[in-house]
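**Q** Attaching a single structure in structure tokens format; questions to follow.
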Amino acid sequence: MTASIAVRVPAKVNAQLAVGGRRPDGFHDLANVFFAVGLYDEITVTPADELRITVEGPDADQVPCDRTNLAARAAELLAARHGIEPRVHIHISKDIPVAGGMAGGSADGAGALLACDALWGTGASRTELLDMCAELGSDVPFSLVGGAALGRGRGELLTPLAVGGTFHWVFAVADGGLSTPAVYGECDRLRAEHGTGATTDDVPDPEPSAALLSALHDGDTTALAGALAAGTAGSSNDLQAAAISLRPALADTLRAGTEAGALAALVSGSGPTCAFLAKDAAGAEQVAAALRASGTCRTARVAAGPAAGATVVRDSRNAADA
């Protein structure tokens, strides 16, 4: 039997995304409350004569199959650190919406890193894996860790957060993506336009919401809904106004979910996916059905969390599923 490793990796929602001013290097410091949810990509790696990427699933045609794919970059980075050739076939089974602000690409990078480490027996420590994740991208470390965590810096410096219960979410998937750099640029432009300034000299350092962290800790859905709506311009996501400015139709999506009974609504990360907090599983299904019928989004997905981070789910070397 050919050796293969399969790793399952979750999507994320940003329960809070507090954005500091633009730094001299063009980046922004963040207070980013990551929350992993049960929509997954599965990454399977097998030995090959050369590095090769294949993709299946919804919107697979939108995923690059060359060396720009984060999964390919992850394999190359791990191989380079250990002085080996990245001769591996990486197969990505997509279920996380593509280009939707839910870290699907980052999930694939983290999943490939963990899978290749197991396949090649490189024995990287958790610290080494997280270091490589951070080199690959700001959201990649959280895809490895999962659960809930506060991300500082550009989001890559993680502190795990305790979550006292299950939260039910609905995700309205839009047509097409939004450029993350463009959304940050629009955030800067709106801040300057409104007279607050856009640089680190003008914008206070981002801080997590104590009420939001407390609601997660207590597993209190009602309290979390209040915290999600208590941030800048009625959202815990400082990028929401910028995303709506670039794509005004997102306001219609947010309104449709709220009118359908969602307890809170926000743009997920830099968008264009919109996230809705529901009272329970039945409430989530109700909101999703209304969103699908509203004509304001391509589809709507239901997911609960917190979900575990990147996890080996099949290892043919052991002939047993994890």
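**Q** Can you go through A265, A223 and tell me which one is assigned by TED's automatic domain parsing to the domain that holds A174, more than 22 Å from D205 (Cβ to Cβ), buried (at least 24 other Cβ atoms within 10 Å of the Cβ) and free of Cβ contacts under 8 Å to residues at least 60 places away in the same chain?
**A** A265
**Q** If we keep just the residues of region 267-322 that are part of a strand (DSSP E or B) and hydroxyl-bearing (S, T, Y), which is nearest to the chain's Cα centre (by Cα)?
**A** T311
**Q** Next question. Does region 205-221 include one or more residues that are part of a helix (DSSP H, G or I), within 26 Å of R255 (Cβ to Cβ), of a type outside the set (F, W, Y) and touching a Lys or Arg at 6+ places or on another chain (Cβ under 9 Å)?
**A** yes
Conditions tested, residue by residue: (1) farther than 26 Å from D188 by Cβ; (2) touching a residue at least 60 places away in the same chain (Cβ under 8 Å); (3) outside the structural domain of V173 (by TED's automatic domain parsing).
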site	(1), (2), (3)
V13	no, yes, yes
V19	no, yes, yes
D25	no, no, yes
T44	yes, yes, yes
A48	yes, no, yes
I53	yes, no, yes
E56	yes, no, yes
A60	yes, no, yes
N69	yes, no, yes
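**Q** How many residues are surrounded by 15 or more Cβ atoms within 10 Å (Cβ to Cβ) and of a type outside the set (D, E) when one looks only at region 59-81?
**A** Count: 12.
**Q** Of the numbered conditions (1) surrounded by fewer than 16 Cβ atoms within 10 Å (Cβ to Cβ); (2) closer than 19 Å to A99 by Cα, F171 satisfies every one except a single condition; which is it?
**A** (1)
**Q** How many residues are touching a helix residue (DSSP H, G or I) at 6+ places or on another chain (Cβ under 7 Å) and either modelled with pLDDT of 95 or more or not hydroxyl-bearing (S, T, Y) (or both) when one looks only at region 257-279?
**A** Result for region 257-279: 16.
**Q** What's the number of the condition A284 fails, among (1) of a type in the set (G, A, S); (2) out of contact with any helix residue (DSSP H, G or I) (no Cβ under 6 Å at 6 or more places or on another chain); (3) under 25 Å from D139 (Cα atoms); (4) crowded, with 24+ Cβ neighbours inside 10 Å?
**A** All conditions are met except number (3).
**Q** Ok, one more. Tell me which strands (runs of 3 or more DSSP E) are completely within region 82-191 and hold 1 or more residues being in contact with a Ser or Thr (Cβ under 7 Å, 6 or more places away or on another chain) and touching a residue at least 60 places away in the same chain (Cβ under 8 Å), or say none if there are none.
**A** 148-152, 167-173
**Q** Any chance you could count how many residues in region 239-261 are closer than 15 Å to A293 by Cα and of a type outside the set (D, E, K, R)?
**A** Here the count works out to 7.
The values are calculated or read from the model by the stated rules, or taken from the named source; none is laboratory data. Fair warning: this is a prediction, and the values are worked out from it, not measured in the lab. All Cβ positions, even for glycine, are placed from backbone atoms using ideal geometry, and neighbour counts span all protein chains on display.
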